[in-house]
Each structure stands twice: as structure tokens, then as C-alpha cells.
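What follows is a short report on a single structure.
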Amino acid sequence: MPLFTRAEAFFMRDNQKQVIRVNRFSVPSDGRNEFMALLEHTHGIIRAQSGVIDDMILEQQVAVNLFNVLAIIRFEGEHVLQPAIAAIAKADQAAGLDRQGLSRRLGIEADIGFYRHAAPD
């Protein structure tokens with residue numbers, strides 16, 4: 001008996017093409033509201049892009065004055081990354097937004113990475 005059906009094998013191959021961006025932010029509570037508004041705005045831009053499968057924003061209070069925020073975005077593949085990045089850059093430029101300056105001002109630390117589904121051996 002095969003380990004996977006044909007449909008499951010197809011789904012797994014399709015998952016291998018997907019790219020998942022995981023951003024983890026350490027956010028002091030004083031800057032939380034401003035940061036979350038920017039993050040929601042950014043995800044609104046991303047959601048409007050072709051090739052974005054889904055996204056989510058998660059939050060965990062780790063201390064009285066500190067939050068961890070995870071922003072996860074799932075893309076169909078690498079081919080949709082540059083258009084999404086360009087759309088955000090265009091919106092930032094139009095708004096005069098300096099994300100790095102904002103992060104410094106609010107005391108936010110970020111860990112950002114791109115991931116793929118782990119392939120079975």
C-alpha cells in the first residue's frame with residue numbers, strides 16, 4: 001500500500017513551491033498600538049497582491065511591558081515576492097515612511113526569515 005495517495009503527493013509537491021515569510025518582532029508596550037497599526041496596514045497591501053495565499057498576525061505578551069508579534073505570510077512561490085516587496089516600498093515612499101527609523105524609535109527588534117515546507121525524506 002502506498003504511503004501517500006496521488007492527491008496527497010500532488011498537494012505535497014505544490015506545498016514545496018510555497019514560500020512562507022515569518023517575521024518575529026519584540027515590541028515594547030509603549031509602541032505596540034503604533035506598530036500594530038502599521039503591521040495591519042502592511043498586511044492589507046500584501047493581501048491585495050496576486051499570489052498571496054494567506055497571512056496571520058499573532059501576539060503574545062511576554063512581560064508587563066513587552067509583546068512578541070509574529071507576522072506570517074504564505075506566498076504561492078518565489079515569483080510573487082518581488083511584486084509584493086515593491087508594492088510595500090511604493091506605499092512607504094508615498095507615505096514618507098522610514099520603517100527602520102520607526103523600529104529604532106519604538107525599540108522594536110525583528111527576526112525575519114523565509115521558509116518552505118519541510119520535505120519528507
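Remarks
- Computed over the alpha carbons of region 39-82, Rg followed by Dmax gives 13.0, 41 Å.
- Model label points for N68 and R104, set 7 angstrom from Cα along the Cα-to-Cβ axis, are 2.7 nm apart.
- Alpha carbon Rg of region 68-116, scaled by the compact-globule rule 2.2 N^0.38 Å: 1.34
- Local electrostatic count, G44, Cβ distance below 15 Å [Lys/Arg +1, Asp/Glu -1]: -2
- Computed over the chain, the ratio Rg/Rh where both radii use C-alpha atoms and Rh is Kirkwood: 1.07
- Cα-based helix-to-principal-axis angle, 32-47 vs the chain, degrees rounded to 10: 40
- Ellipticity at 222 nm from helices only: DSSP H runs of n ≥ 4 in the chain, each -39500 (n - 2.57), divided by the residue count, give -13500 deg cm²/dmol.
- Between helix 6-17 and the chain there is an angle of about 40 degrees, using the helix long axis and the longest principal axis of the Cα atoms.
- R0 of 41 Å, Cβ-Cβ distance A87-S29: FRET efficiency to nearest 0.05: 0.85
A short reminder: the numbers here are calculations on the coordinates, not readings from a lab. Predicted model only: the values in this text are computed from it and were never measured. Please note: Cβ atoms are built from the backbone with ideal geometry, for glycine as well, and neighbour counts cover all protein chains shown.
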